[in-house]
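*Asks:* Below is the structure I would like to discuss, written out as structure tokens.
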Amino acid sequence: MNTDLGIDIFKASSFLSADELVAIPTETVYGLAGNALSESAVSKIYSAKNRPSFNPLILHVSGIDQLSKYAFIDTISSLLAKEFMPGPLTLLLPKKSIVPDITTAGSNKVALRVPNHPVCLELLNTVGFPLAAPSANLSGYISPTTATHVLHGLGGKIAYILDGGTATVGLESTICEVVNNQLLLHRTGGISADELQRISGLEIVQANQQKNIETPGQLKSHYAPITPLYRGEIADLIGLNSGKKIACISFQQTYDGVENFVLSANGNLAEAANRVFATLRLIDAGNFDLIVTEFFPNEGIGPAINDRLGRAQFLYK
Ligand code: TXA
Ligand code: MG
């Protein structure tokens with residue numbers, strides 16, 4: 001299949017209406033979109049990405065007024081929606097029957113989000129149906145933050161890439177769910193736990209601490225670069241690997257004897273978050289023996305950076 005790249009919303013819309021796949025820009029990462037209400041379109045998403053069929057998809061809608069078409073929404077979730085949508089928040093809610101089982105991988109819950117990106121919102125308003133969209137990378141590789149990243153992974157497999165520029169947040173949305181008067185955090189992201197706590201007034205609980213409730217996509221190694229990545233005290237890791245070609249991803253500092261990838265020289269976590277995935281891709285293209293990196297400050301979007309770098313780590317097999 002020939003993959004076109006461009007800025008034509010009507011072209012994107014006509015492919016989507018014909019059950020074809022289109023990569024779409026969002027403020028977090030690019031998504032691989034299809035009509036969420038069409039079993040045929042959704043099955044194409046799973047196969048283009050090589051995504052396991054048990055891993056459900058997020059529904060993207062044009063505004064918070066659309067949420068109740070697809071899910072039953074409680075008071076606190078509604079409060080969170082009013083505060084953070086459009087934006088990098090995904091709410092997990094009991095689904096309505098209009099959403100096909102294939103979209104939620106058989107779950108009776110649906111993940112819903114309103115992306116904060118003008119091109120994406122215009123597209124959603126044009127097509128008139130919700131878009132199911134996982135991140136537009138091959139399953140297991142790094143999420144794309146530019147149209148070119150999408151082309152590298154999915155070129156030849158999808159009809160069109162709608163170019164909306166570089167993603168401004170750069171890490172995937174926060175996913176949460178109200179359960180038994182607590183807020184389960186399924187994935188850290190653009191909205192911090194503190195912000196969720198402040199608006200909901202609920203205790204925030206990390207979902208992976210709960211045995212029975214899982215987010216299937218939160219597999220351990222989910223964002224792995226090909227180059228092995230090690231995390232700890234950067235100076236120690238460099239000492240342990242002398243003689244090797246090392247890429248160093250740090251927050252602010254540079255080091256001797258390595259190629260430095262400083263994510264934010266003046267210590268801005270949002271800027272650092274925005275560069276994580278593009279930097280991992282750049283390093284993968286650069287023939288390094290290994291990547292060394294450190295823990296970022298655990299405030300604001302810092303926990304999300306630490307989560308993604310943790311998943312990118314080389315696991316001793
Ligand atoms: O920022 C984002 O959320 C991006 C952009 C494109 O919107 N999307 C994204 O999708 O990151 P994906 O598929 O790469 O990650 C979605 C995560 C997966 O871990 C999946 O298991 C979980 O959300 N998820 C989706 N629907 C779910 C459901 N019904 N129940 C539990 N987990 C769900
Ligand atoms: Mg993903």
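*Asks:* With the structure loaded, tell me whether Val119 is over 15 Å from the mean Cα position of the chain (by Cα) and either open to solvent by less than 40 Å² (accessible area, probe 1.4 Å) or away from ligand 1 (no atom under 11 Å from the Cβ) (or both) or whether it fails that test.
*Replies:* yes
*Asks:* Restricting attention to the stretch 105-140, report how many residues are away from ligand 2 (no atom under 16 Å from the Cβ) and either touching a Pro at 6+ places or on another chain (Cβ under 7 Å) or part of a helix (DSSP H, G or I) (or both).
*Replies:* Total meeting the criteria: 16.
*Asks:* Give the residues of the stretch 30-67 that are loosely packed, with under 14 Cβ neighbours inside 10 Å, modelled with pLDDT of 95 or more and of a type in the set (Gly, Ala, Ser), sorted by residue number.
*Replies:* Scanning the stretch 30-67 gives Ser40, Ser47, Gly63.
*Asks:* Of all residues in the stretch 129-149 being more than 11 Å from ligand 1 (Cβ to nearest atom) and within 15 Å of Val22 (Cβ to Cβ), which is farthest from the chain's Cα centre (by Cα)?
*Replies:* Once the filter is applied, the top-ranked residue is Phe129.
*Asks:* Taking interchain pairs and intrachain pairs at least six residues apart, which have beta carbon atoms under 7 angstrom, with the first residue in the stretch 169-191 and without any contact (Cβ under 8 Å) to a residue 24 or more places away in the chain and the second open to solvent by less than 20 Å² (accessible area, probe 1.4 Å) and near ligand 1 (Cβ under 10 Å from one of its atoms)?
*Replies:* Taking only residues 6 or more apart or on different chains, the pairs are Leu185/Ala207.
*Asks:* Within the stretch 162-176, how many residues turn out to be surrounded by fewer than 20 Cβ atoms within 10 Å (Cβ to Cβ) and in a strand (DSSP E or B)?
*Replies:* 0
*Asks:* Further question: Would you say Ile199 is outside any loop (DSSP other than H, G, I, E, B), within 15 Å of ligand 2 (Cβ to nearest atom) and of a type outside the set (Gly, Ala, Ser)?
*Replies:* no
The values are calculated or read from the model by the stated rules, or taken from the named source; none is laboratory data. For clarity, every value in this text was computed on a predicted model and none was experimentally measured. Neighbour counts are summed over all protein chains in view; Cβ atoms, including those assigned to glycine, are modelled from backbone coordinates with ideal geometry. Just so you know, the surface numbers come from the protein's heavy atoms only, side chains and all, with ligands and any DNA or RNA stripped out. Shrake-Rupley method; radii C 1.70, N 1.55, O 1.52, S 1.80 Å.
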